[in-house]
Amino acid sequence: CLSRAWMLEGIAEALPENTEQRNQLYQLSQRNAQAGLTAIDESHYEGGHWLGTFAVYLITRRGINSNEINKP
């Protein structure tokens, strides 16, 4: 869910502002982020390391730069 949320946010950022598609992708990203963040659990490698890595990408917006995406 976290990697999906991160990618959906990146796609949404590339769309024109104030469009229904962009708003829907942001909402979907938020739902995936909430589900993914609650799944982080350090008792397993997947939950503590793998999910944690994608949580950092999502929260820091790694690779998502709105100033660069929309340039012609």
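The numbers here are math on the coordinates, done by the rules we state, and not lab data. Predicted model only: the values in this text are computed from it and were never measured. Positions of Cβ are backbone-derived with ideal geometry, glycine not excepted, and every protein chain shown enters the neighbour counts.
Could you tell me which of rounded, prolate or oblate describes the chain, using a ≥ b ≥ c as the square roots of the eigenvalues of the alpha-carbon gyration tensor, with rounded for a/c under 1.5 and, failing that, prolate when a/b is larger than b/c and oblate otherwise? Cα axes put the chain in the oblate bin.
For the chain, relative contact order (Cα pairs under 8 Å, six or more residues apart, normalised by length) works out to 40 percent. Ordering 5, 50, 24 by the projection of their Cα atoms onto the charge dipole of the chain, which places +1 on the Cβ of Lys and Arg and -1 on the Cβ of Asp and Glu, puts 24 at the extreme positive end. Working note: 222 nm ellipticity from helices only, DSSP H runs with n ≥ 4, each -39,500 (n - 2.57), summed and divided by the residues of the chain, gives -19500 deg cm²/dmol to the nearest 500. In this Cβ point-charge picture (+1 for Lys and Arg, -1 for Asp and Glu), the chain has a dipole of about 140 debye about its Cα centre.
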